[in-house]
Amino acid sequence: MKILNFGSLNIDYVYRVKNIVTPGETIRAIDMHEYCGGKGLNQSIAIARAGAKVYHAGMIGADGEQLVTMCGVSGVDTSYIRTIDEKTGHTIIQVDESGQNSIIAYGGANQKIGEKFVDEVLANFGRGDMLLLQNEISSLGYIIDRAYEKGMGIILNPSPINDELLSLDLRKISMFILNEVEGYQISGEKDPYAILDSMNIRFPKAEFVLTLGEDGSIYCDGTHKMRQKAYKVEAVDTTAAGDTFTGYFVATMSQGRHIKDTLDIASRASALAVTRNGAAPSIPLADEVIEYTGQ
């Protein structure tokens with residue numbers, strides 16, 4: 001079984017601020033840093049650092065070579081990353097004193113993924129392989145359709161939610177990994193268990209992992225639900241917390257671990273990530289996660 005992550009590659013411009021800027025307000029940034037990021041890249045690096053083999057497929061511009069380098073040194077296979085004549089995707093991220101963030105994303109090369117490239121990549125994968133997706137690249141519906149036809153297991157982190165995503169045939173998804181805001185946007189429910197019950201009715205063949213921030217996470221396979229506590233830490237930057245959870249969950253699941261262990265390891269990794277600045281640089285190594293005892 002192979003893991004393919006067809007996802008975004010971004011350069012993150014992170015501004016530390018006293019408070020998230022409000023409409024009509026001008027504020028001064030405390031400092032600014034540039035990091036490698038993108039939900040796709042973050043999740044691939046998390047998978048690799050968790051000890052699993054992952055192939056990343058995506059597109060960058062000539063200004064994005066640092067992203068390929070970051071993937072490579074982290075153990076991600078970069079055979080399916082292409083450089084095109086377009087600016088690399090980037091984000092502008094505000095991080096306030098409590099560690100909360102606000103993000104503006106520019107798609108750039110991430111939005112130039114076409115059907116021909118998708119076919120070229122998926123020709124190397126087949127039945128039983130795992131495909132991880134987010135909603136930061138173009139041709140998402142085509143990727144889902146082709147991967148489903150090939151018998152791949154499709155894991156979707158439906159972020160960001162928009163009308164285009166909701167118009168896709170999400171019945172082809174094998175597993176959803178999403179937070180409570182995304183759960184509400186899909187189901188219309190706010191209570192975590194109501195979200196899962198609603199989604200189970202709509203997508204009866206899928207499994208679900210609902211992350212709840214400080215309240216932990218819940219796994220649901222349609223019949224059983226399992227709750228995982230969150231590890232309490234002092235947050236510095238929450239930017240890659242969800243991506244770290246997703247990557248570690250996918251990697252640990254692919255290694256055949258019990259779902260209880262998978263949830264626990266992903267939660268430990270996510271807790272460690274929020275204690276560090278940046279997106280990709282904050283993602284811990286497997287040894288760090290194993291040694292972390294939490295609170």
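The values are calculated or read from the model by the stated rules, or taken from the named source; none is laboratory data. Since we're looking at a predicted model, the values are computed, not measured. We place every Cβ from the backbone using ideal geometry, glycine too, and count neighbours over all the protein chains shown. Side chains are part of the model used for accessible areas, which takes the heavy atoms of the whole protein and leaves out ligands, DNA and RNA. Shrake-Rupley method; radii C 1.70, N 1.55, O 1.52, S 1.80 Å.
Observations on the structure shown:
- Close pairs (9 angstrom Cβ cut-off, 6 or more residues apart or separate chains): closer than 12 Å to LEU41 by Cα and without any contact (Cβ under 8 Å) to a residue 24 or more places away in the chain in region 125-138, among the basic types (Lys, Arg) and not in a strand (DSSP E or B) anywhere: none
- Residue satisfying condition, being open to solvent by less than 60 Å² (accessible area, probe 1.4 Å) and either part of a strand (DSSP E or B) or modelled with pLDDT under 95 (or both), within set ALA269, ALA251, ALA230, ALA194: ALA230
- Residue among ILE92, ILE81 that alone is touching a His at 6+ places or on another chain (Cβ under 7 Å), of a type in the set (Val, Ile, Thr) and touching a residue at least 60 places away in the same chain (Cβ under 8 Å): ILE81
- Of the residues making up region 121-145, those that are in a loop (DSSP other than H, G, I, E, B), surrounded by fewer than 18 Cβ atoms within 10 Å (Cβ to Cβ) and either aromatic (Phe, Trp, Tyr) or within 17 Å of the chain's Cα centre (by Cα) (or both) number 0.
- Region 75-93, residues that are more than 12 Å from CYS36 (Cα to Cα) and polar (S, T, N, Q): THR78, SER79, THR83
- Within region 33-51, the residues that satisfy the criterion of being charged (D, E, K, R) and in contact (Cβ under 8 Å) with a residue 60 or more places away in the chain are LYS39, ARG49.
- Any hit, region 111-118, residues being of a type in the set (Gly, Ala, Ser), open to solvent by less than 40 Å² (accessible area, probe 1.4 Å), at pLDDT 95 or above and within 17 Å of the chain's Cα centre (by Cα): no
- Members of region 215-232 that are within 15 Å of ASP191 (Cα to Cα) and not aromatic (Phe, Trp, Tyr): ASP215, GLY216, SER217, ILE218, CYS220, LYS225, ARG227
- Identification of strands (runs of 3 or more DSSP E) wholly contained in region 16-120 with 2 or more residues that are small (Gly, Ala, Ser) yields 54-60, 101-106.
- Residue that is nearest to PRO158 (Cα to Cα), among those in region 1-49 that are in contact with a Pro (Cβ under 9 Å, 6 or more places away or on another chain) and hydrophobic (A, V, I, L, M, F, W, C): ALA46
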